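In what follows, a single structure is set out as structure tokens and then discussed.
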Amino acid sequence: MSVEKRFELAKEQYEAWNINLEDVFSKLQEVPISIHCWQGDDVTGFEAAQHDLSGGIEVTGDYPGKATNGEELRKDLDKALSLIPGKHRINLHAIYAETDGEEIDRDQIEPKHFEKWVKWAKENELGLDFNPTLFSHDKAADGLTLAHADENIRNFWIEHCKASRRVAAYFGKELGTPALTNIWIPDGFKDTPSDRLTPRLRLKDSLDKIFSEEIDTAHNLDAVESKLFGIGSEAFVVGSHEFYLSYALKNDKLCLLDTGHYHPTEMVSNKISAMLPFNERLALHVSRPVRWDSDHVVTLDDELKEIALEIVRNDALDKVSIGLDFFDASINRIAAWTIGTRNMIKALLYAHLLPHEHLKQLQEDGNYTERLALLEEFKTYPFGAVWDYYCEKMEVPVAEKWLEDVKQYEEDVLSKR
């Protein structure tokens, strides 16, 4: 049966619940996913002075063909974007500066070091987001940066974050869409600390200094990202969820929730509606933790669906910035991007294909039997037929056909690196 025929049959079922699929497609096309560049090169970056990966970050595997410079990485992103429906954003770390071999330390980065990224983004009608890189550096070797006891080290990272905000503002001004600048630090202790407050006071002071420079929110939006624990910071992390949530609320910044940065029993989806009444905007880094913050490729699991449901049914698509954060070097990196991003979009589509107002009224009426029954029945509605039609409509490969493109690209490009 053709994609169109299967879609028409599915359309009848959804329209019986007053779900207009053309309206759904229009809304879905307007949602940009911020796709992380670091899947393509295993979080290596392009600095002239190379540093070993650190900060509790592990990239496992040695699949051939990883990008080794900006031109290769952008070419790989082009291929991945050609397989993903919609217009999206690209998320950069500071280590992806291109300095033409000149050794520039991170407190010295400037917009000119990212001109090639902006030129490419303009050509492809993409937005850019940004992250200062406070790991994989000699001045972060002991696992402390903005909360470090050494004032000189703190000041180095403060200046790096200030420079990063200026780079992001350049992105926003040039591309006509504000960049989201997200600050994550690895700071913490492996064993039980004797003083938790002092490092947190230092972090607060560092953040205050970073944000002291006023930047137009039309060009740059600031976010802070928490973490529960990491390798080397198992006992204590300075920037906890409570710390950053409080800081963001008090200082009018975005609180960014990374789905890998919480206890395995915590549901990030549940936090969204808890925070929306008090925050104008939220940000997400969607990952898949497997027992810890392991940054696995995003799959269409229950939690991903629930995250999308919380955003869609609460009419928060314009209030939640959705980014991805995973890296797997054991599989084809372009396939990883494609699988993860398509799954995020699938989850948003799935969330649109439920009669939310009806389900809400059932809950208000205390009719929990019908609510549960309908939620379960909709799990086997012909969602796949709608997804395939959407892909065809957006002129990207339907179902698993994208794998053929990836295999050909691996043969033509990746295998020759």
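Values quoted throughout were computed directly from the atomic coordinates according to the rules given, and no laboratory measurement underlies them. All of these numbers come straight from a predicted model, not from anything done at the bench. All Cβ positions, glycine included, derive from the backbone under ideal geometry; neighbour counts span all protein chains shown.
Values as computed for the structure displayed
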{"quantity": "Pairs where the first residue, in segment 320-331, is in contact (Cβ under 8 Å) with a residue 12 or more places away in the chain and the second is of a type in the set (K, R) and assigned to a strand (DSSP E or B), C-beta under 7 Å, 6+ apart", "calculated": "F326/R288"}
{"quantity": "Every pair of residues 6+ apart whose Cβ atoms lie under 8 Å, when the first sits in segment 127-155 and is farther than 22 Å from Y96 by Cα and in contact (Cβ under 8 Å) with a residue 40 or more places away in the chain while the second is aromatic (F, W, Y) and crowded, with 21+ Cβ neighbours inside 10 Å", "calculated": "H148/W157"}
{"quantity": "Qualifying residue in segment 46-62 (condition: closer than 26 Å to K122 by Cα and out of contact with any Gly (no Cβ under 9 Å at 6 or more places or on another chain))", "calculated": "yes"}
{"quantity": "Index of the failed condition, S136 passing every other in (1) on the phi > 0 side of the Ramachandran plot; (2) surrounded by fewer than 21 Cβ atoms within 10 Å (Cβ to Cβ)", "calculated": "(2)"}
{"quantity": "Residues satisfying the stated conditions in segment 1-34, i.e. free of Cβ contacts under 8 Å to residues at least 60 places away in the same chain, part of a loop (DSSP other than H, G, I, E, B) and in contact with a helix residue (DSSP H, G or I) (Cβ under 9 Å, 6 or more places away or on another chain)", "calculated": "M1, N20"}
{"quantity": "Filter result (crowded, with 18+ Cβ neighbours inside 10 Å and assigned to a loop (DSSP other than H, G, I, E, B)) within segment 55-85", "calculated": "G55, G56, V59, G65, K66, A67, L83, I84, P85"}
{"quantity": "Residues being surrounded by 11 or more Cβ atoms within 10 Å (Cβ to Cβ) and closer than 30 Å to I19 by Cα - total across segment 380-417", "calculated": "20"}
{"quantity": "In segment 133-175, residue farthest from G232 (Cα to Cα) [restricted to those that are touching a His at 6+ places or on another chain (Cβ under 7 Å) and of a type in the set (S, T, N, Q)]", "calculated": "T133"}
{"quantity": "Those residues of segment 156-186 which are among the hydrophobic types (A, V, I, L, M, F, W, C), out of contact with any Pro (no Cβ under 7 Å at 6 or more places or on another chain) and either closer than 22 Å to H88 by Cα or part of a loop (DSSP other than H, G, I, E, B) (or both), in sequence order", "calculated": "A168, A169, F171, L175, A179, L180, W184, I185"}
{"quantity": "Single match in H263, H241, H285, H296 (criterion: in contact (Cβ under 8 Å) with a residue 40 or more places away in the chain and out of contact with any helix residue (DSSP H, G or I) (no Cβ under 7 Å at 6 or more places or on another chain))", "calculated": "H285"}
{"quantity": "From the options L304, L284, L300, L256, residue that is closer than 22 Å to D129 by Cβ and out of contact with any Asp or Glu (no Cβ under 8 Å at 6 or more places or on another chain)", "calculated": "L304"}
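Conditions (1) assigned to a loop (DSSP other than H, G, I, E, B); (2) within 21 Å of P178 (Cα to Cα); (3) under 13 Å from the mean Cα position of the chain (by Cα), marked per residue:
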{"position": "N279", "(1), (2), (3)": "yes, yes, no"}
{"position": "A283", "(1), (2), (3)": "no, yes, yes"}
{"position": "L300", "(1), (2), (3)": "yes, no, no"}
{"position": "K305", "(1), (2), (3)": "no, no, no"}
{"position": "D318", "(1), (2), (3)": "yes, yes, no"}
{"position": "I322", "(1), (2), (3)": "no, yes, yes"}
